[in-house]
Amino acid sequence: KNTGKGRYATFQPHHHAVQVERERLQVDLEQALDAEQLVLHYQPLVDLASGRVTGYEALLRWQHPHRGLVSPADFIPLAESSGIIVPIGRWVLREATQQAAGWQHSGPPDGVHVSVNVSVRQFRHPDLVRDVADALRRSGLPGHLLTLEITESLFATDIADVTSTLERLKDLGVRLALDDFGTGYSSLSYLRHFPFDTLKIDKSFIEGIDVNRQNQAVAGAIVTLGQTLDLSLVAEGIETSGELRSLEALGVQLGQGFHLGRPGPAALVCPSPGIRPADRRDLGSVGAPLR
Ligand code: C2E
Ligand code: MG
Ligand code: MG
Ligand code: MG
């Protein structure tokens with residue numbers, strides 16, 4: 001109002017259009033699960049020293065009837081704000097554990113892990129622990145082969161509730177990873193108090209780590225922190241062989257990234273023992289066009 005009527009008229013239609021667009025996408029998203037438009041792609045986690053695939057991260061994709069493949073970055077926030085992330089997240093848990101249970105027959109003897117991302121709203125929902133237990137029971141997947149990935153934004157409030165949920169999840173035998181580590185809230189005290197198994201070093205610190213001294217310093221500090229607290233480390237977003245070599249030199253055991261394998265449909269990721277990433281390049285490109 002202070003800026004006058006002219007401005008109001010200029011901005012209003014744009015804002016309105018964005019809002020209408022959001023609402024349309026929202027309506028479509030409500031139906032996506034029932035319409036079987038959601039699909040999981042899987043990206044390998046690789047042991048950097050041996051090149052062996054130790055597990056896969058499940059990454060959600062929405063095959064929209066008109067818009068094509070919609071990125072999770074575009075619809076997860078929408079699913080969060082409406083609450084529909086809860087049934088969607090339940091489906092992801094069931095689907096990923098079922099898939100991983102199937103892999104155990106053909107995979108290496110120590111098992112193939114699957115990682116599932118859990119958003120804040122889903123984590124806070126009273127059904128989460130039951131949903132995880134239910135997915136393990138239905139699939140028969142041992143709890144230690146499921147990792148739940150959580151981000152630091154969880155620690156913004158309600159620490160007592162978060163702690164109790166994390167402990168009940170650990171009682172199921174699942175592993176807990178802190179995703180995108182280093183990008184969120186700065187208090188590190190929760191690392192000591194909460195039962196995490198793994199830190200995933202955010203890809204923004206991996207980029208150019210072979211040449212960028214600031215990233216070397218940050219990643220090095222995270223590695224030291226992880227080793228001191230006895231947490232396993234995963235480097236996210238490895239895109240070059242130079243980055244890979246630097247991370248190995250830093251002592252990071254596991255990595256993920258386009259250089260090691262792109263996310264792809266389950267049918268294209270076959271976890272045979274000892275397949276090196278170099279042998280997987282052909283598979284990788286099939287699942288490549290995600291955004
Ligand atoms: P995230 O869990 O940190 O997943 C890693 C993201 O980095 C994925 O993006 C993956 O495709 C991408 N990525 C992997 N390697 C590379 C690389 O070398 N370079 C670059 N630039 N990117 C790489 P994606 O699949 O688009 O997912 C984005 C985010 O959406 C995820 O980040 C996660 O926070 C969220 N998300 C995905 N699936 C789910 C889900 O089932 N549930 C929930 N709640 N969130 C999900
Ligand atoms: Mg993740
Ligand atoms: Mg991440
Ligand atoms: Mg992320």
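What is the number of the single condition among (1) within 16 Å of ligand 4 (Cβ to nearest atom); (2) closer than 21 Å to Thr151 by Cα; (3) surrounded by fewer than 18 Cβ atoms within 10 Å (Cβ to Cβ) that Ala221 does not meet?
Ala221 satisfies every listed condition except (1).
Quickly run through the stretch 225-254 and pick out the residues that are among the charged types (D, E, K, R), open to solvent by less than 60 Å² (accessible area, probe 1.4 Å) and over 16 Å from the mean Cα position of the chain (by Cα).
Filtering the stretch 225-254 down to residues among the charged types (D, E, K, R) leaves 230, 236, 239, 243, 245, 248.
Of the ones still in play, those that are also open to solvent by less than 60 Å² (accessible area, probe 1.4 Å) are 236, 243.
Within the stretch 225-254, just Glu243 meets the criteria.
Can Glu36 be described as open to solvent by 20 Å² or more (accessible area, probe 1.4 Å), part of a loop (DSSP other than H, G, I, E, B) and of a type in the set (Asp, Glu)? Full working, then the answer.
Working: open to solvent by 20 Å² or more (accessible area, probe 1.4 Å): yes; part of a loop (DSSP other than H, G, I, E, B): yes; of a type in the set (Asp, Glu): yes.
For Glu36, the condition - open to solvent by 20 Å² or more (accessible area, probe 1.4 Å), part of a loop (DSSP other than H, G, I, E, B) and of a type in the set (Asp, Glu) - is met.
Taking the stretch 148-174 only, how many residues are acidic (Asp, Glu), within 15 Å of ligand 1 (Cβ to nearest atom) and over 15 Å from Val116 (Cα atoms)?
Looking only at that region, the number is 1.
Which of the following residues is modelled with pLDDT under 95 and away from ligand 4 (no atom under 16 Å from the Cβ): Ala160, Ala133?
On the way: Ala133 fails: modelled with pLDDT under 95.
Step by step, each of Ala160, Ala133 is checked, and only Ala160 is modelled with pLDDT under 95 and away from ligand 4 (no atom under 16 Å from the Cβ).
Does Gly102 satisfy the criteria of being out of contact with any Pro (no Cβ under 8 Å at 6 or more places or on another chain), of a type outside the set (S, T, N, Q) and on the phi > 0 side of the Ramachandran plot? Steps first, please.
Working: out of contact with any Pro (no Cβ under 8 Å at 6 or more places or on another chain): yes; of a type outside the set (S, T, N, Q): yes; on the phi > 0 side of the Ramachandran plot: no.
Against the criterion (out of contact with any Pro (no Cβ under 8 Å at 6 or more places or on another chain), of a type outside the set (S, T, N, Q) and on the phi > 0 side of the Ramachandran plot), Gly102 does not qualify.
Does Gly237 qualify as being within 12 Å of ligand 1 (Cβ to nearest atom) and either not in a helix (DSSP H, G or I) or not hydroxyl-bearing (Ser, Thr, Tyr) (or both)?
yes
Okay, residues lined up against (1) over 29 Å from Arg61 (Cβ atoms); (2) touching a Pro at 6+ places or on another chain (Cβ under 8 Å); (3) among the β-branched types (Val, Ile, Thr):
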{"site": "Val211", "(1), (2), (3)": "yes, no, yes"}
{"site": "Gly226", "(1), (2), (3)": "yes, no, no"}
{"site": "Gly237", "(1), (2), (3)": "no, no, no"}
{"site": "Arg262", "(1), (2), (3)": "no, no, no"}
{"site": "Leu268", "(1), (2), (3)": "no, no, no"}
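Which of the residues belonging to the stretch 82-116 are away from ligand 1 (no atom under 13 Å from the Cβ) and either part of a helix (DSSP H, G or I) or among the polar types (S, T, N, Q) (or both)?
Hits for the stretch 82-116 are Ser82, Gln98, Ala100, Ala101, Gly102, Trp103, Gln104, Ser106.
Can you find a residue that is touching a residue at least 60 places away in the same chain (Cβ under 8 Å), assigned to a strand (DSSP E or B), within 22 Å of Glu239 (Cβ to Cβ) and open to solvent by 30 Å² or more (accessible area, probe 1.4 Å) anywhere in the stretch 42-64?
Yes; the residues of the stretch 42-64 include at least one that is touching a residue at least 60 places away in the same chain (Cβ under 8 Å), assigned to a strand (DSSP E or B), within 22 Å of Glu239 (Cβ to Cβ) and open to solvent by 30 Å² or more (accessible area, probe 1.4 Å).
Here's a check for you: in the stretch 102-117, which residue that is within 16 Å of ligand 3 (Cβ to nearest atom) and surrounded by 23 or more Cβ atoms within 10 Å (Cβ to Cβ) is nearest to Thr54 (Cα to Cα)?
Top of the filtered list is Val114.
All but one of (1) farther than 21 Å from Ile238 by Cβ; (2) in contact with an Asp or Glu (Cβ under 7 Å, 6 or more places away or on another chain) hold for Ala156, so report the exception by its number.
The number of the failed condition is (2).
Mind listing whichever residues of the stretch 71-91 are farther than 13 Å from Arg22 by Cα and buried (at least 23 other Cβ atoms within 10 Å of the Cβ)?
Ile85, Gly89
Against the condition out of contact with any Lys or Arg (no Cβ under 7 Å at 6 or more places or on another chain), surrounded by 21 or more Cβ atoms within 10 Å (Cβ to Cβ) and at pLDDT below 95, how does Val286 come out, does it pass?
no
Out of curiosity, is Leu233 within 16 Å of ligand 2 (Cβ to nearest atom) and at pLDDT 95 or above?
It is true that Leu233 is within 16 Å of ligand 2 (Cβ to nearest atom) and at pLDDT 95 or above.
The values are calculated or read from the model by the stated rules, or taken from the named source; none is laboratory data. Worth saying up front: this structure is predicted, and the values here are computed from it rather than measured. Neighbour counts run over all protein chains shown; Cβ positions are idealised from the backbone, glycine included. We work out accessible area using only protein heavy atoms, side chains counted, and drop any ligands, DNA or RNA first. Shrake-Rupley method; radii C 1.70, N 1.55, O 1.52, S 1.80 Å.
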